[in-house]
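Have a look at the structure below before the remarks.
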Amino acid sequence: MSTYVVGDIQGCYEELVKILELVQFDPPSDELWLVGDIVNRGPNNIGVMDLIMSLPKTVVVLGNHDLHFLAVALGKQRQMPKDTITDLLRSPRLSDYVKYLRQLPLIHYDRTKNVAMSHAGLPPQLDVETCCQLAQEVERVIKSENHPDYFEAMYGNEPNTWSDSLVAMDRLRYITNSLTRMRYCSVNGKLELTHKGNIAPSGYAPWFTFPRKDDTHILFGHWASLEGHAKSSFVTALDTGCVWGRTLTALRLEDWTMFRVPSLSQ
C-alpha cells in the first residue's frame, strides 16, 4: 500500500486522472490524500468530485475554494467573476456534493507518520495538537444545523491575531483563515491575508519560516506561486499551479518521491 498526496486540483479532472495513472494508483490498496481546493477555477469540477467520491480510501481537507463553493451553493455568497462552479450548481447531484464537502476536516494529522496536512498550513505559534482542536471547532459548526450562519459570516480578514479569548464567529473566522488562506504572518502569528506573491510585505514572512513548538512535518497547498519550493525542512508545498497552466504534483509519502504531470489548461 502507498499513500499519495496530491496538490490543488481545482477542477482539473484530466490531470488528476493522468497523475493517478502515472503513479499506478491502486484504489483497493492505495490511499489518496488531497490538500484541498479540489474545485473551482478549472473546467471539470463534476469529474473531480465524482472520481474522489468513488474512491474507497481518500483523505481530503477543505480549502478556501471548497468553502466558497459551499457558501455559494447554500445561497450565502454570490459567485465571483472568476468562479467556474456552475457545473456543480446545476448538477442533479448538487446536494450530494454539498453533503460530502461538509463532512470533510480542515486538518488531517497522522500521528504514526507525524505528518499533518491542511490547505494553507499551520500557524507557527500554535502546536499541531492545538491546531487540530481548533479545527474541530469549525468542523462541528459546518456539520451542524447552524452551518448556514457560518457560511454567511465566514468572509473577512479580521481578526488577524489569535487569542484564546476570541469567541463566536471571530474565533471561527481566524481558525478558518489560518488553515485555508494563510501565506504570510508576523513573528507572533498576526496574519497578512492580502498578499499572494512571493515578496513578503514589511513586517511579515512566510508562515513556514518561523520556528514551531512541534516537529511535525506539514503538507500544504494553496500557494501556487511557490511552485512547490518552500525553504523549510518541516514542510512540503504541493500546489504547483495546475489550473494556471503549470503542473499537478503528487507526493508518495513512503519514500517522499515526487511525481508531476503537465497542465492541460491554456
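The values are calculated or read from the model by the stated rules, or taken from the named source; none is laboratory data. Computed from a predicted structure; not experimentally measured. Backbone-built Cβ (ideal geometry, glycine too); neighbour counts: all protein chains shown. The area values use the complete protein model at the heavy-atom level, side chains included, leaving out ligands, DNA and RNA. Shrake-Rupley method; radii C 1.70, N 1.55, O 1.52, S 1.80 Å.
What net charge is computed for the residues neighbouring Thr240, neighbours being all others with C-beta under 13 Å from the C-beta of Thr240, Lys and Arg scored +1, Asp and Glu -1? Charge balance near Thr240 sits at -3.
In the chain, the DSSP-assigned H stretches of four residues or longer account for a calculated mean residue ellipticity at 222 nm of -8500 deg cm²/dmol, using -39500 (n - 2.57) per stretch and the full residue count as denominator.
Determine the share of segment 119-266's accessible area contributed by carbon and sulfur atoms, expressed in whole percent, with a 1.4 angstrom probe.
Values: 3490 of 6800 Å².
Exposed carbon and sulfur together represent 51 percent of the surface.
Per-residue accessible area (protein heavy atoms, 1.4 Å probe) orders Lys190, Lys99 as Lys99, Lys190, starting from the largest.
Considering only protein heavy atoms, what per residue accessible area in square angstrom results for the chain with a 1.4 angstrom probe? Show your work: numbers first, answer last.
Working: 11640 Å² over 266 residues.
Spelled out: the 1.4 Å probe surface of the chain, per residue, equals 44 Å².
Exposed loop sites here are GluC sites (Glu not before Pro) assigned a DSSP state other than H, G, I, E or B and surrounded by at most 11 other beta carbons within 10 Å; excluding them, the longest clear run of the chain is 1-144.
Where the eigenvalues come from the Cα gyration tensor of segment 1-59, what are the semi-axes √(5λ) of the equivalent ellipsoid, largest first, in whole Å? Don't skip to the answer; put the middle values down first.
Details: eigenvalues 67, 23, 21 Å².
Sorted largest first and rounded, they come to 18, 11, 10 Å.
Neighbours of Ile46, meaning other residues whose beta-carbon lies under 9 angstrom from its beta-carbon, give a summed charge of -1 when Lys and Arg score +1 and Asp and Glu score -1.
Past the 18 Å Cα-Cα mark, which pairs from Lys113/Lys143; Lys76/Lys99; Lys76/Lys143; Lys82/Lys196? Present the calculation step by step, with values, prior to reporting the outcome.
Values: Lys113/Lys143 27 Å; Lys76/Lys99 16 Å; Lys76/Lys143 16 Å; Lys82/Lys196 16 Å.
From Lys113/Lys143; Lys76/Lys99; Lys76/Lys143; Lys82/Lys196, over 18 Å: Lys113/Lys143.
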